[in-house]
Amino acid sequence: MIASLCHAYCGGRLFLHVLGATLLFGGVLTVVILSIAGLRLTQHTELLRRLAFGLTLLVVWPAWIVMRVGAQLVLTSEGLDKHSPSWVGVGFAVSDAGIVVLLLLTLFGWLAARRGCALNAFAGLGSLYLVALGVAWFFMSAKPT
Amino acid sequence: MSKYDWLLFFHVTGAFLLIGGTVVAASLSLAALRRERPSEVAVLLGLVRFGVRAIYAGVFLTLVFGLWLVHDAGYSYGSFWVIAALVLWVYANAAGGIGGRREEETRKLAERLAAEGDAPSAELRARQRDPFTLGVEYSGGVAILLILVLMIWKPGA
């Protein structure tokens, strides 16, 4: 028995999707913690800003790619790309709009790391993205109709 | 939404908090490994506590709602995947607890050294790179990954 809605052959694809999603959540949570700490701990703000930007590149982006590739593979193998339920639409809205959010997050992170500005925007956008990810995992797991 | 849907949502929420918190703790601990100044090590290890809180919440939610789901969905508590997941869950908690206590001692040492001049210290470096602590922490992370594998494939169900 494989996780719900997934046939025996798509376990690996679902694993990829879930692993990527959980790593993405953890990565965004980490950079949000670092950026908020960077706003408060002025003595170490440079270290925390650079680390937040570095982890955006090293953890958040790769996790998003793994999550999105896994989602597409499950979608195709299960035929959900032809008749998508509403919960799939919410998931894709959050994940695909996530590209824009991640691009902005990367820009703000770079500005914060190199020029010492935009850390407020980085922390705020990262926090909003965490909420959006929470909405997505509600629709992905509970699958409300 | 059915009862099963709600149970699954809270169980998955637990999984996100558990793995997400582990990512926070691992990222900050690894970043601390690369720092020499005790004050920087202390700051990074101090932030690990936020990841630990997420892990605690995740540990509680995954166990309670996971066992409830097994009952609700009609699986057997004696199935291989359920027993293996529980054994790995206990191991991951024990490993996290042991590693966490050692990291806390390292953080306290870093804070003391920071107050005494903030110079790089061989003792702090050795403590950060202690093979036992690193081994316990990494094996706990692998155990969590294996639980995710069991949850997806459910061998023996």
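Laboratory data are not the source of any read-out in this text; all were calculated from the coordinates shown. Since the model is a prediction, treat every value here as computed from it, not as a measurement. Quick reminder, even Gly has a Cβ in these numbers, built from the backbone with ideal geometry, and neighbours come from all protein chains shown.
Here are the numbers for this structure:
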| quantity | calculated |
| --- | --- |
| Any chance B:E104 is surrounded by fewer than 18 Cβ atoms within 10 Å (Cβ to Cβ) and more than 18 Å from the chain's Cα centre (by Cα) | no |
| Per-region count, the stretch B:34-65, residues in contact (Cβ under 8 Å) with a residue 40 or more places away in the chain and not in a helix (DSSP H, G or I) | 2 |
| Unmet criterion (only one of (1) free of Cβ contacts under 8 Å to residues at least 24 places away in the same chain; (2) not in a helix (DSSP H, G or I)) for A:P144 | (1) |
| B:A84 being assigned to a helix (DSSP H, G or I) and within 30 Å of B:E123 (Cβ to Cβ) | no |
| Filter result for A:A63 (more than 14 Å from every other protein chain (Cβ to nearest Cβ) and buried (at least 16 other Cβ atoms within 10 Å of the Cβ)) | no |
| Single match in A:R68, A:R40, A:R50 (criterion: within 20 Å of A:F138 (Cα to Cα) and basic (K, R)) | A:R68 |
| Hey, B:L17 crowded, with 23+ Cβ neighbours inside 10 Å, free of Cβ contacts under 8 Å to residues at least 60 places away in the same chain and either more than 14 Å from A:T30 (Cα to Cα) or out of contact with any Pro (no Cβ under 7 Å at 6 or more places or on another chain) (or both) or not | yes |
| Single residue of A:S86, A:S141, A:S77, A:S127 found to be on the phi < 0 side of the Ramachandran plot and within 12 Å of the chain's Cα centre (by Cα) | A:S127 |
| Wholly enclosed helices (runs of 4 or more DSSP H) of the stretch A:27-129 bearing at least 2 residues polar (S, T, N, Q) | A:61-77, A:86-115 |
